[in-house]
Structure formats: structure tokens, C-alpha cells
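The values are calculated or read from the model by the stated rules, or taken from the named source; none is laboratory data. In this text the structure is predicted, and so the values were computed from the model without any measurement. Every residue, glycine as well, gets a Cβ built from its backbone with ideal geometry; the counts of neighbours run over all protein chains shown. Calculation scope for accessible area: heavy atoms of the full protein, side chains included, ligands and nucleic acids excluded. Shrake-Rupley method; radii C 1.70, N 1.55, O 1.52, S 1.80 Å.
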Amino acid sequence: MLKAEAQRKTWQDIQRVTKPRGMLSVTRVEVERQDGVVTEYVNKEEIEKAVMEELTSRFGRAGSAPICQGVLYDLLGTYADTDAAVQILEGTFTPPTDADGPTLIILEEITRIWQLMGDGEVNIVITQEDYQYYWRKVKESTSSSLSGLHFGHYKAIGWDDELSNILARKLSLISAAGSAPQRWARGLSVMLEKIAGVALLTKLRAILLLEADFNQHNKLIFQHRMLALARENGPIPEEIFSEKGKTAEDAILQQVLMYDIARITKRPLLVAQVDASQCYDRVAHAMAALTLRAYVLCLMISTLGATWPRTHGLKHFGKGSIVWISPCCWSTKASLSHESTTALSCQKWSNSVSRARS
């Protein structure tokens, strides 16, 4: 491990000299008002106030989605833990007459995914081997954890069998019961430059730093196990190239071949490059919860930060690093509630699904 860290440091020094600077924390922000006037703030208090206003607006945009208002909202609630949600998965849901067309198309796709997944189920048990495999290879310097329990703590524990077994069992218990530590309910949204030197507030990138063990839990359950099960059952098409073992060249070759086939067969072809502005900041909780349940995660995920405290604020760490202390429900990844009511909702959902499939 020491040898690997020494080699990593050597390459970091080389890259620091040979490559241009990457994303840096901001030391100033620019705010464009409605009249077009751009105001620059360099004072700590003014910067924090401007960032708070921007993030409050940015993370609240999902509320304008049709599923978050009207009759659909009354039927599904905030976290889609109602009988109507089960009906959507089963394909027996009768939508309101005034329901939004594109929203209904998404709900139909959720039904299709649920049917494709069949009787499969994502394994939520985390073993000692899973824990050690992950933590022994991660970078200790990775930023995380408002609580202070950073990657270094868990990486050190990963070399002790007894402690690794204890923490692995703890994560498994959290997944099974749906009751997470309260510290998982808070994260750090750090503002970084997208483009070097551009400090316009709307152009800054806000990244959310989760608790280190929460991050491991999400990667193992969602990134690896859920997607692996989805690939086995067909919801993820083979032409997706953003995965391990595939390169950008593979995607370009596929694109060129597609162009050639369309030209030779004289068939119409439309290629669209769609980049929805700040789409990751505006995911409706109900839609995300339904999607996750379609991927048979219903036994472990009941809400997206369902009853978490909505406390938030700002902190200032070092030189120009602006940090928004935010509820993790703003993360697009699914979360677990720390309240015991979540476990009851999860059990209720499980019973409904079992009855539906029987």
C-alpha cells in the first residue's frame, strides 16, 4: 500500500506541472441580476449569502414537475409510497384525465422496466469481503463526510477483519431495516469552477459530498448490484458505452456504422445531442423512488430522505472554499430515512408487491 501511494504521489506531481489546473474552489462569485447587471462579491458573508440563494433556487426546481403537483401528487405523495405507486408498477394505474402527457410516458416506461426485471431482487447484504475489497483500494485523500469520519478511517479499518465484519454487518442492517444514521442526512455541497476563471454563480458546479460509508453503500448497491441485475434482465441496452471495458472509440465506431447503414439503406436517421440544463439538480423524489422500485429495490429503499431534518447552512473551509450544508435528499441518488417509520413503509410496500406478484 505504501508503494502504491508513493507512485500515486509521483504521478500527481508530474500532472500538476504538465497539465493545466483543474476545478478550483471559488474565492469570488458574480451574480447577474434581472436587469442584466453583474455584481461581483468577494466578501465572505456576501459570497455565502449569494451561494445560499442560488442553491436554494437550484435544488427546488423539481417542485415544478407535474408529478409534484395536482392530482398526481395527491395520488403518489412526495415519495411514491402509496397504492397508486404499486398500480403504476403493475400497469393497472388509471391516470387522471388532466395528467401531463410526457409524465405518463415516463410512468409507462417504469411499468415496462418493472416487468422486464421479473422476480429478480437486488442483494442488499454487504459482507466483510465486500467491505474490504472496496476500502483497501480507494484513495485516502478523497473528500467526504461532514461528520469527520473520512475515507482514512474506513480504509484503516479495512485491514482489520473483525472491525470490517462489524461495519459490514452494520451496513447490511441499515439496508434491511431502512433506518440510517442521522449523519447520513447531511452532506456538503461544494461550489467549484466549471471553467477556469469564470465565477458567474449560475456557471459554478455544485457537488455533494456524502458520508464515506454512505458513499460506499450507494456504490455497491446502485452502481454495481442494481445495474448488474438490470443488464441481466434487459432494461439497459447493449449499445450503452459508458461502462467498464468500453472506450470512446467503441462508441464512435458504432455511430459511424449506424450512419453507413442508414445511408446505404436510404432510411431516415435523426441524431440528437441532449444536455438538459442542471438536470441532476431537479429530480422529483416521487419519480426517482418509482424508478428505483421498478429496478426491484423496493425492499430496501422507501424514500429519498423521507423524514430527514431540513436543517441547512453555510460553512467556510480554508481559502475560498464555500460549502453549503445540505439535506442529502437533494442528491439524485436514493437515500434511506433515519426514522423507524421508513422500515414500516418498506414492509408495507414489500407486502403489497408480494401480493401483486402472487
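Could you sort out which of K44/K139; K9/K44; K9/K246; K139/K203; K139/K219; K219/K246 sit more than 24 Å apart by Cα distance in this structure?
On the way: K44/K139 31 Å; K9/K44 33 Å; K9/K246 28 Å; K139/K203 28 Å; K139/K219 15 Å; K219/K246 19 Å.
Beyond 24 Å: K44/K139; K9/K44; K9/K246; K139/K203.
Would you be so kind as to identify which of I113, I166, H150 lies farthest towards the positive end of the dipole of region 102-167, taking Lys and Arg as +1 and Asp and Glu as -1 on Cβ and the Cα centre as origin?
After comparing all options, I get H150.
Apply the Karplus parameterisation 6.51 cos²θ - 1.76 cosθ + 1.60, with θ equal to phi minus 60°, to every residue of region 45-54 and state each ³J(HN,Hα) to the nearest whole Hz, in sequence, with x for glycine and proline.
5, 5, 4, 4, 5, 5, 5, 4, 5, 5
With an 8 Å cut-off on Cα pairs and a minimum separation of 6 or more residues, tell me the relative contact order of region 191-295 in percent. Don't skip to the end; give the middle numbers.
Numbers: 28 pairs, mean separation 14.3, N = 105.
Once normalised by length, the contact order is 14 percent.
Scan region 180-261 for GluC sites (Glu not before Pro) in coil per DSSP, keeping those whose Cβ has at most 11 other Cβ atoms within 10 Å, and list them by number. Write down the numbers at each step before the final one.
Values: sites: E193, E211, E232, E238, E239, E243, E249; in loops: E211, E238, E239, E243.
Sites meeting the loop and neighbour criteria: E238, E239, E243.
Accessible area of F93, 1.4 Å probe, to the nearest 10 Å²?
Accessible area of F93: about 40 Å².
Compute the distance in nm between two label points, each set 7 Å from the Cα along the Cα-to-Cβ direction, one at N43 and one at K203.
2.5
At q = 0.09, 0.18, 0.20 Å⁻¹, what log₁₀ I(q)/I(0) does a Debye calculation on the Cα points of region 1-141 give, no solvent, two decimals?
Log10 I(q)/I(0), no solvent term: -0.70, -1.00, -1.12.
Karplus couplings for region 150-155 from phi (6.51 cos²θ - 1.76 cosθ + 1.60, θ = phi - 60°), rounded to Hz, Gly and Pro as x?
8, 4, x, 4, 6, 5
Kindly sort R58, R8 by accessible area of their heavy atoms, largest first, with the probe set to 1.4 Å. The partial results should precede the final answer.
Details: R58 5, R8 80 Å².
Per-residue accessible area, sorted high to low, gives R8, R58.
Residues in region 140-175 near a label at K19, defined as backbone nitrogen under 17 Å from the 7 Å Cα→Cβ point?
What the label zone holds, given the 17 Å backbone N cut-off, is 140-143.
Per-residue accessible area for L220 at 1.4 Å probe radius, Å² rounded to 10?
For L220, solvent-accessible area is about 30 Å².
Which percent of the accessible heavy-atom area of region 64-185 goes to carbon and sulfur, probe 1.4 angstrom? Before the final figure, lay out the partial values.
On the way: 3520 of 6450 Å².
Summing carbon and sulfur atoms, their accessible area is 55 percent of the total for region 64-185.
Compute and list, largest first, the equivalent-ellipsoid semi-axes of region 228-268 from the alpha carbon gyration tensor, each √(5λ) rounded to a whole angstrom.
On the way: eigenvalues 125, 41, 5 Å².
Each semi-axis is the square root of five times an eigenvalue, giving 25, 14, 5 Å.
Quick one: 3J(HN,Hα) in Hz for region 105-111, Karplus 6.51/-1.76/1.60 with θ = phi - 60°, rounded, Gly and Pro as x.
5, 5, 5, 5, 5, 4, 4
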